[in-house]
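The next block holds one structure in the form of structure tokens; read it before the comments.
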Amino acid sequence: MAADSPLDAYSQVVAGVAAELTPKVASLRVPRAGSGGAGESLGSAVVFTGDGFLLTNAHVVGRAQGGTALFGDGASAPFRVVGTDPLSDLAVLRAAGDTPKPAELGEADRLVVGQLVVAVGNPLGLAGSVTAGVVSALGRSLPTRDGQGRPARLVEDVIQTDAALNPGSSGGALANASAQVVGINTAVAGIGLGLAVPVNSTTRRIISALMADGRVRRAYLGVVTVPAPLPAWLRERTGRANGLRVAQVIRGEPADRAGLRAGDLLLSAAGSPVEKAQDLQRLMFGDAIGRPFAITVMRNGALVDVIAEPSELVAA
């Protein structure tokens with residue numbers, strides 16, 4: 001291609017997203033103490049409000065109370081950690097002083113496999129790095145690690161992409177072709193494989209709770225589920241293809257007390273159909289704690305209704 005030729009359509013999209021988002025993704029310097037003495041960890045964060053709130057990963061800030069955010073124009077600002085939620089691997093920060101205009105949050109639930117996405121972050125401390133790729137898969141699970149690198153929790157329903165990610169990219173933006181942030185890059189899973197926490201209605205509830213209270217109150221049933229197909233007659237009756245198979249019921253917990261059993265096929269909860277893990281998770285917030293929670297399952301070919309009373313999930 002000649003030097004003066006116009007950019008192809010793909011390059012135009014990527015360049016446009018990069019120009020829009022690069023100023024809005026900060027490089028983070030987070031102080032961290034370890035066995036080898038004091039040091040700092042690197043990461044990224046996305047400005048998402050006009051008054052200095054930033055969104056990043058919980059594992060980026062760990063137990064730190066604050067740090068420094070550096071922006072693409074050379075400006076820097078101290079920030080404090082407003083709240084963290086290890087279960088979703090999200091954290092909200094607030095920077096002191098002026099920050100760039102906020103990025104627009106999009107809707108990850110509209111993504112499709114094969115769709116173009118652009119990752120903007122600060123890998124290895126190199127500000128303003130941009131990579132592009134496609135959505136490789138949706139609905140993946142991500143095992144996260146704590147500040148000492150030990151296995152911590154499992155983050156459900158993450159986005160898998162082949163856009164290159166490197167250490168320091170965590171907390172940066174994963175954007176669609178309209179420069180809307182549809183994910184927060186959270187991990188490098190392997191060569192050519194990156195993962196991001198989706199931005200959707202559940203994420204927005206988490207963000208709002210962190211901004212208001214510094215933590216997220218979650219309801220807890222005490223079940224482990226996996227997606228499973230519905231039998232043909234039930235597909236025809238409900239118009240849905242899948243439910244959630246109960247793989248394990250934790251003894252003594254709300255689901256056990258309500259009479260749920262391993263092998264039950266969960267069809268609806270609190271009046272809402274459930275087909276994937278996120279459908280149940282989006283119901284498991286503070287307003288469900290201690291209240292009657294209706295669940296419909298298929299058991300031995302029959303539909304069974306049970307009433308559970310979720311308890312509060314207590315962080316380990």
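The values are calculated or read from the model by the stated rules, or taken from the named source; none is laboratory data. Keep in mind that what you see is a predicted model, and the values were worked out from it rather than measured. Here the Cβ positions follow ideal geometry from the backbone for every residue, glycine too, while neighbour counts run over all protein chains shown.
Given the residues 182, 223, which is the only one that is touching a helix residue (DSSP H, G or I) at 6+ places or on another chain (Cβ under 7 Å), crowded, with 22+ Cβ neighbours inside 10 Å and without any contact (Cβ under 8 Å) to a residue 60 or more places away in the chain?
After ruling out the rest, the residue left standing is 223.
Name the single residue that is nearest to residue 106 (Cα to Cα) among those in segment 154-171 being in a loop (DSSP other than H, G, I, E, B) and under 12 Å from the mean Cα position of the chain (by Cα).
171
Tell me whether segment 284-302 contains one or more residues that are under 23 Å from the mean Cα position of the chain (by Cα) and closer than 18 Å to residue 157 by Cα.
Yes: segment 284-302 contains one or more residues that are under 23 Å from the mean Cα position of the chain (by Cα) and closer than 18 Å to residue 157 by Cα.
Go through 118, 113 for me and flag whichever is closer than 20 Å to residue 199 by Cα, at pLDDT 75 or above and buried (at least 18 other Cβ atoms within 10 Å of the Cβ).
118
In segment 190-226, which residue that is hydroxyl-bearing (Ser, Thr, Tyr) and not in a helix (DSSP H, G or I) is nearest to residue 282 (Cα to Cα)?
Per the stated criteria, the residue is 220.
Can you pull out every residue in segment 293-306 that is surrounded by fewer than 12 Cβ atoms within 10 Å (Cβ to Cβ) and either in a strand (DSSP E or B) or not assigned by TED's automatic domain parsing to the domain that holds residue 247 (or both)?
302, 305
Which residue pairs have Cβ atoms closer than 9 Å, lie 6 or more positions apart in sequence or on different chains, and pair a first residue in segment 272-296 that is closer than 14 Å to residue 223 by Cβ and at pLDDT 85 or above with a second residue that is in a helix (DSSP H, G or I) and not hydrophobic (A, V, I, L, M, F, W, C)?
Filtered contacts from segment 272-296: 293/254.
Of the conditions (1) at pLDDT below 90; (2) among the hydrophobic types (A, V, I, L, M, F, W, C); (3) part of a loop (DSSP other than H, G, I, E, B), residue 177 satisfies every one except a single condition; which number is it?
(1) is the only condition that residue 177 fails.
Among the residues of segment 70-99, count how many are among the hydroxyl-bearing types (Ser, Thr, Tyr) and surrounded by fewer than 21 Cβ atoms within 10 Å (Cβ to Cβ).
Total meeting the criteria: 1.
For residue 275, all conditions in the list (1) in contact with a strand residue (DSSP E or B) (Cβ under 9 Å, 6 or more places away or on another chain); (2) more than 30 Å from residue 84 (Cα to Cα); (3) outside any strand (DSSP E or B) hold save one; what is the number of the exception?
Going through the list (1) in contact with a strand residue (DSSP E or B) (Cβ under 9 Å, 6 or more places away or on another chain); (2) more than 30 Å from residue 84 (Cα to Cα); (3) outside any strand (DSSP E or B), residue 275 breaks only (2).
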